[in-house]
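Chemist: Got a structure for you, written out below as structure tokens; questions coming shortly.
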Amino acid sequence: MLDQATAMIESTWGQPIEALEVLGVRRPSEDPLLRCAMHTRAALAITDSAVTVHQDRLHALSRHGYVPDFYELDRITETAVKLRVAHAESRAYLQAIRRVVEAREAAPEVAAPAVRLAQAAVARSGQPRHAPGAVPEPSSPAAVVGPSAPTTGPRR
């Protein structure tokens, strides 16, 4: 499952996972979806490791020709339960990575902060200048809020 998640992340962000790991840990992150995907991938790596450990233990306790002692039956059952939980967690993490990838693909391209600042400066430069200390003329009349005359009785 980890390989599948890695392939999804690499294809979505268009870089090898090693480079994305470096980008994903920066604070403040330039791409919060990448940060989320990398944290979820790290959790998936842990649960994949747990799956491997529990599978190996279960295979050792139930190998061909081996007759477990009575006290080992609880260990077999406990290991099987832990294996099932680890599988479920891995599937949930993989599903979470799929959702992050879908969100990344659906979101419009987010401009870098410097680009947004430049766009805001250009937009402001098109507005007329005002003398320092002068109050600019409103472009539209102020909206009236509430009734124009006081009323008696309860408000509804």
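We did not get these values from a lab; they are worked out from the coordinates using the rules stated. These figures come from a predicted structure and were not determined experimentally. Heads up, the Cβs are rebuilt from the backbone with ideal geometry, glycines too, and the neighbour counts pull from every protein chain shown.
Chemist: Counting only other residues whose beta carbon sits under 12 Å from that of THR6, what net charge do I get with K and R as +1, D and E as -1?
Modeler: -4
Chemist: With N residues in region 15-81, what two-decimal value do you get for its Cα radius of gyration over 2.2 N^0.38 Å?
Modeler: 1.78
Chemist: Please state the charge dipole magnitude for region 1-110, taken about the Cα centre, from unit charges on C-beta atoms (+1 on K and R, -1 on D and E), reported in debye and rounded to the nearest 20.
Modeler: Taking the Cα centre of region 1-110 as origin, the dipole is about 200 debye.
Chemist: Ranked highest first by average number of other Cβ atoms within 10 Å, how do 69-78, 99-108 line up?
Modeler: The packing order, highest mean first, is 99-108, 69-78.
Chemist: Further question: Please compute the modelled spin-label separation between ALA43 and GLU30, points set 7 Å along Cα→Cβ, answer in nm with one decimal.
Modeler: 2.6
Chemist: May I pose another question? Tally Lys and Arg at +1 and Asp and Glu at -1 over the other residues with C-beta under 14 Å from the C-beta of ALA92: what net charge comes out? Could the numbers behind the result be given before it?
Modeler: Numbers: positive: ARG41, ARG84, ARG91, ARG98, ARG99; negative: ASP48, GLU89.
So the environment of ALA92 carries a net charge of +3.
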